[in-house]
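The structure appears below as structure tokens.
The values are calculated or read from the model by the stated rules, or taken from the named source; none is laboratory data. Everything numeric here is computed off the predicted structure, so don't read it as measured data. Here the Cβ positions follow ideal geometry from the backbone for every residue, glycine too, while neighbour counts run over all protein chains shown. Note: accessible area is taken over every heavy atom of the protein model, side chains too, but ligands, DNA and RNA are not part of it. Shrake-Rupley method; radii C 1.70, N 1.55, O 1.52, S 1.80 Å.
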Amino acid sequence: MTTAFYSHPDCRAHDMGRGHPECPQRLDAIHDHLIATGLAQALEMHDAPLATLAQIERAHSAGFVGELRSAIEPLAASGEHVALDPDTSAGPGTWNAVLRGAGAALAATDAVIDGHAVNAFCAVRPPGHHATRDQAMGFCFFNNVAVAARHALDVRGLERVAIIDFDVHHGNGTEDIIAGDDRVLMASFFQHPLYPYSGSVPKGTNMVNVPIAPYSRGDVVRSAISDMWLPRLEAFKPQMLFVSAGFDAHREDELGQLGLVEADYAWITRRLVDLAERHAKGRIVSCLEGGYNLSALARSVAAHLRVLAGLA
Ligand SMILES: [Zn+2]
């Protein structure tokens, strides 16, 4: 059984301008590092398909999907850029990148449920966890992980899935979509206070939100995961795990002030693999969210993948 890896050249073509931290070079750094370390050879590489609007509308309102499409699909022909919020803009390559991101998560979900891979990682951009049911924000357009989780539940017939979010920022969009959906348990930690300044008061009883003080290191995060996430996840017995894998809690990342290192990402991943092996036949679909220091991002993704692929 293998670890599948989904990406697509279209995910590079979304460009929010010179100096923007959510840049195409993030994916280049990951790909280059996987090749240089030989890790690429241990993965089964796939091109991500385009998601359909019906698939996206399992997590987003049809009104929002239609509005976003009208705003950004024509940019491919016009070559123009439009700002959606002060940090988030769309350009000629954005619409297809967005559909590939959700399409990667969906294809990975099918591959894992069908037993073609034991788990999967989606190296995609733009990220998704700030996208709410009705709004694009914080570098995010559609919520790839929420779209995939709803596909597993509504289309593939699973009854319980977990969403794990270890990005340094609170996954407010995912919470907005799945709070109150008791088929999903979402466990996250995030620096608080930090953008988007939400999460300290969970929006539903199916949320395990763990705010972490700035300048905390991996020991604090590991204790919080052991004490707050794992008992709830064990009791929930998820049939599949979806991961919002942001690597911006790394100590070299300037968008947050936490002090995680590669060994912490490997430790977190090991806990998730163990949980998935106990309850979920090992099934994990992990999707890239943040991570903006290119070197730290590539090293951290490799640490995550080595554990997923059974190499560490
Ligand atoms: Zn982030």
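Can you compute 3J(HN,Hα) from phi for each residue in segment 119-130, using the Karplus curve 6.51 cos²θ - 1.76 cosθ + 1.60 with θ = phi - 60°, rounded to whole Hz and x for Gly and Pro?
Ordered by residue, 3J(HN,Hα) equals 8, 8, 10, 10, 8, 10, 8, x, x, x, 6, 8 Hz.
Note down the magnitude of the dipole of the chain about its Cα centre, charges +1 on Lys and Arg C-beta and -1 on Asp and Glu C-beta and zero elsewhere, to the nearest 20 debye. Walk me through the numbers before you get to the answer.
Details: 25 positive and 36 negative charges, 144 e Å.
Once rounded to the nearest 20, the dipole reads 700 debye.
Spit out the partnerless Cys residues in the chain, using Cβ distances under 4.7 Å as the pairing rule.
Those would be CYS11, CYS23, CYS140, since no other cysteine Cβ in the chain comes under 4.7 Å of theirs.
Based on DSSP loop calls and a cut-off of at most 12 other Cβ atoms within 10 Å, the longest stretch of the chain free of exposed GluC sites (Glu not before Pro) is what? Each step should come with its number before you reach the end.
Values: sites that count: GLU80, GLU159, GLU254.
With a cap of 12 other Cβ atoms within 10 Å, the longest stretch comes to 160-253.
What value, in deg cm²/dmol to 500, does the helix sum -39500 (n - 2.57) over DSSP H runs of n ≥ 4 give at 222 nm once divided by the residues of the chain?
Working: 11 runs with 112 residues, N = 312.
The per-residue figure over the chain is -10500 deg cm²/dmol.
Antiparallel DSSP bridges in the chain: what percent, to the nearest 5?
Antiparallel: roughly 10 percent of the beta bridges in the chain.
Can you pull the percent of the chain's accessible area that's carbon plus sulfur, 1.4 Å probe, other chains left in place? Don't jump to the answer; show the numbers that get you there.
Values: 5780 of 11360 Å².
Looking at the chain in its full context, I get 51 percent from C and S.
In Å², and per residue, what accessible area does segment 130-248 have when probed at 1.4 Å with the other protein chains present?
On the way: 4020 Å² over 119 residues.
I get 34 Å² per residue for this part.
When ligands, DNA and RNA are left out and all protein chains stay put, how many square angstrom of accessible area per residue does segment 251-310 have with a 1.4 Å probe? All intermediate terms of the calculation are to be shown ahead of the outcome.
Numbers: 1980 Å² over 60 residues.
Counting only protein heavy atoms, the per-residue value for segment 251-310 is 33 Å².
Can you list which of the chymotrypsin sites (Phe, Trp or Tyr not before Pro) found in segment 169-276 are DSSP loop residues with at most 13 other C-beta atoms within 10 Å? List each step's numbers first, then the result.
Working: sites: PHE189, PHE190, TYR197, TYR215, TRP229, PHE236, PHE242, PHE247, TYR265, TRP267; in loops: TYR197, TYR215, PHE247.
Loop-located and lightly packed - TYR197, TYR215.
Sticking with the crude label model, points 7 Å out along Cα→Cβ, report the distance from SER226 to SER61 in nm, one decimal please.
Placing both labels 7 Å beyond Cα along the Cβ direction yields 4.4 nm.
Which shape class, rounded, prolate or oblate, goes with segment 1-96 when its Cα gyration tensor gives a ≥ b ≥ c as root eigenvalues, a/c under 1.5 marks rounded, and past that a/b bigger than b/c marks prolate? Each step should come with its number before you reach the end.
On the way: a/c = 2.65, a/b = 1.49, b/c = 1.78.
Here segment 1-96 falls in the oblate category.
Show ARG150, ARG299 ordered by accessible area, largest first, where the area counts protein heavy atoms only and the probe is 1.4 Å.
Numbers: ARG150 30, ARG299 60 Å².
Largest accessible area first, the residues go ARG299, ARG150.
Between VAL155 and THR52, what length comes free when the chain is fully extended (0.36 nm per residue of separation minus the Cα-Cα distance, one decimal in nm)? Working shown, then result.
On the way: separation 103, 0.36 × 103 = 37.08 nm, distance 1.37 nm.
Gain on stretching VAL155 to THR52: 35.7 nm.
Counting other Cβ atoms within 10 Å, which trypsin sites (Lys or Arg not before Pro) in segment 248-293 have at most 12 and lie in a DSSP loop? Present the calculation step by step, with values, prior to reporting the outcome.
Numbers: sites: ARG251, ARG270, ARG271, ARG278, LYS281, ARG283; in loops: ARG251, LYS281, ARG283.
Passing both the DSSP loop test and the Cβ count: no residue.
Out of the trypsin sites (Lys or Arg not before Pro) in segment 180-239, which ones are loop residues according to DSSP with at most 12 other C-beta atoms within 10 Å?
none
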